[in-house]
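Worksheet for the structure shown next.
Any read-out appearing in this document is the output of simple, stated calculations on the displayed coordinates, not a laboratory observation. Remember, it's a predicted structure, so these values are computed and weren't measured experimentally. Cβ sites come from the backbone with ideal geometry, for glycine too, and all protein chains shown count toward neighbours.
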Amino acid sequence: MIGTFVMFEMPAGNAARGLGVGKTWYKLPIWVQKSSGPWTSYGGGGETIVNAPGYRSYAFAGEI
């Protein structure tokens, strides 16, 4: 199976006071699951996109 979902975080705090990023940022993941007999494994990765001053976008990945 392959799945994806977009997450976004809306700014809610005062970035000048260290309460949030100050702009909307997004996570764009893709996850894969494979079953073989009694075993199931899954993992995936994606990109976090941050367009705020002092922050940068980054990739992420993980598996179980």
Check: Which entry in (1) 6.4; (2) 5.1; (3) 5.5 is this structure's computed mean projected area of the Cα convex hull in nm²?
Finding: (2)
Check: Which of the chymotrypsin sites (Phe, Trp or Tyr not before Pro) found in the chain are in a DSSP loop and have at most 15 neighbouring Cβ atoms, other than their own, within 10 Å?
Finding: Phe5, Tyr55
Checklist line | Whole-Hz couplings from phi, Karplus 6.51/-1.76/1.60, listed for segment 8-15; x for Gly and Pro | finding: 9, 10, 8, x, 10, x, 8, 4
Check: Treating the beta-carbon of each Lys and Arg as +1 and of each Asp and Glu as -1, no other charges, what is the dipole magnitude of the chain about its Cα centre, to the nearest 20 debye?
Finding: 160 debye
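Taking 0.36 nm per intervening residue step and subtracting the Cα-Cα distance, what contour gain separates Val6 from Thr48 on full extension? Each step should come with its number before you reach the end.
Details: separation 42, 0.36 × 42 = 15.12 nm, distance 1.01 nm.
Computed gain between Val6 and Thr48 is 14.1 nm.
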Check: Residues with beta-carbon under 14 Å from that of Val6, excluding Val6: net charge, scoring Lys, Arg +1 and Asp, Glu -1?
Finding: -1
